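Chemist: Pasting a structure here, questions to come.
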Amino acid sequence: DFSFTPKWKVQFNSGWDFKAKNISYTSFAIYRDLHCWSFNANWVPFGAYQSYSITIQVKEAILQDLKLSKRKGFYTKY
């Protein structure tokens with residue numbers, strides 16, 4: 001995890017599979033605090049779980065269902 005500023009957070013996860021000799025599950029995530037709203041973007045660039053999602057939502061718990069979301073990936077292929 002890395003924070004550019006208190007309102008920006010970036011995360012990167014990856015690994016190496018020594019047995020299969022290739023890169024294992026890799027993901028990127030970005031979070032931005034927009035005061036009353038939050039922005040999240042997640043991306044898995046390759047592999048069986050290749051996908052992305054983008055969400056903008058209200059931070060207030062009582063309004064948690066108020067959001068805009070776009071996602072595509074392995075779970076929407078079929």
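The values are calculated or read from the model by the stated rules, or taken from the named source; none is laboratory data. Predicted, not measured: the structure shown is a model, and the values here were computed from it. For neighbour counting, all protein chains shown are included, and Cβ atoms are generated from backbone atoms with ideal geometry for every residue, glycine included.
Chemist: ASP65 passes all but one of (1) assigned to a loop (DSSP other than H, G, I, E, B); (2) without any contact (Cβ under 8 Å) to a residue 24 or more places away in the chain; (3) closer than 20 Å to PHE2 by Cβ; which number fails?
Modeler: Of everything listed in (1) assigned to a loop (DSSP other than H, G, I, E, B); (2) without any contact (Cβ under 8 Å) to a residue 24 or more places away in the chain; (3) closer than 20 Å to PHE2 by Cβ, ASP65 misses just condition (3).
Chemist: What is the residue count in the stretch 16-37 for residues that are exposed (fewer than 12 other Cβ atoms within 10 Å of the Cβ) and either part of a strand (DSSP E or B) or within 17 Å of the chain's Cα centre (by Cα) (or both)? Show your work before the answer.
Modeler: Initial filter on the stretch 16-37 (exposed (fewer than 12 other Cβ atoms within 10 Å of the Cβ)): 16-22, 35-36.
Now restrict to residues that are either part of a strand (DSSP E or B) or within 17 Å of the chain's Cα centre (by Cα) (or both): 16-17, 22.
The qualifying residues number 3.
Chemist: If a residue must be modelled with pLDDT of 95 or more, within 18 Å of GLY73 (Cα to Cα) and not hydrophobic (A, V, I, L, M, F, W, C), how many such residues does the stretch 14-50 contain?
Modeler: So the count comes out to 3.
Chemist: Output yes when any residue across the stretch 55-64 is at pLDDT 95 or above and polar (S, T, N, Q), and no when none is.
Modeler: yes
Chemist: Mind listing whichever residues of the stretch 38-57 are surrounded by fewer than 16 Cβ atoms within 10 Å (Cβ to Cβ) and in contact with a helix residue (DSSP H, G or I) (Cβ under 8 Å, 6 or more places away or on another chain)?
Modeler: Those that are surrounded by fewer than 16 Cβ atoms within 10 Å (Cβ to Cβ) and in contact with a helix residue (DSSP H, G or I) (Cβ under 8 Å, 6 or more places away or on another chain): ALA48, TYR49, GLN50.
Chemist: Kindly indicate the residue of the stretch 38-60 that is part of a strand (DSSP E or B) and either among the polar types (S, T, N, Q) or in contact (Cβ under 8 Å) with a residue 24 or more places away in the chain (or both) and also farthest from ARG71 (Cα to Cα) among those meeting that condition.
Modeler: As a first pass, look at the stretch 38-60 and keep what is part of a strand (DSSP E or B): 38-44, 51-58.
Next cut, either among the polar types (S, T, N, Q) or in contact (Cβ under 8 Å) with a residue 24 or more places away in the chain (or both) only: 38, 40, 42, 44, 51, 53, 55, 57.
Working: SER38: 16, ASN40: 11, ASN42: 9, VAL44: 11, SER51: 7, SER53: 4, THR55: 8, GLN57: 14 Å.
Taking the candidates together, the pick is SER38.
Chemist: If I filter the stretch 64-72 for residues that are among the small types (Gly, Ala, Ser), in contact with a strand residue (DSSP E or B) (Cβ under 6 Å, 6 or more places away or on another chain) and surrounded by 15 or more Cβ atoms within 10 Å (Cβ to Cβ), do I get at least one hit?
Modeler: Taking the stretch 64-72 and keeping what is among the small types (Gly, Ala, Ser), we get 69.
Add one more test, that the residue is in contact with a strand residue (DSSP E or B) (Cβ under 6 Å, 6 or more places away or on another chain), and what stays is 69.
Next cut, surrounded by 15 or more Cβ atoms within 10 Å (Cβ to Cβ) only: none.
No: the stretch 64-72 contains no residue that is among the small types (Gly, Ala, Ser), in contact with a strand residue (DSSP E or B) (Cβ under 6 Å, 6 or more places away or on another chain) and surrounded by 15 or more Cβ atoms within 10 Å (Cβ to Cβ).
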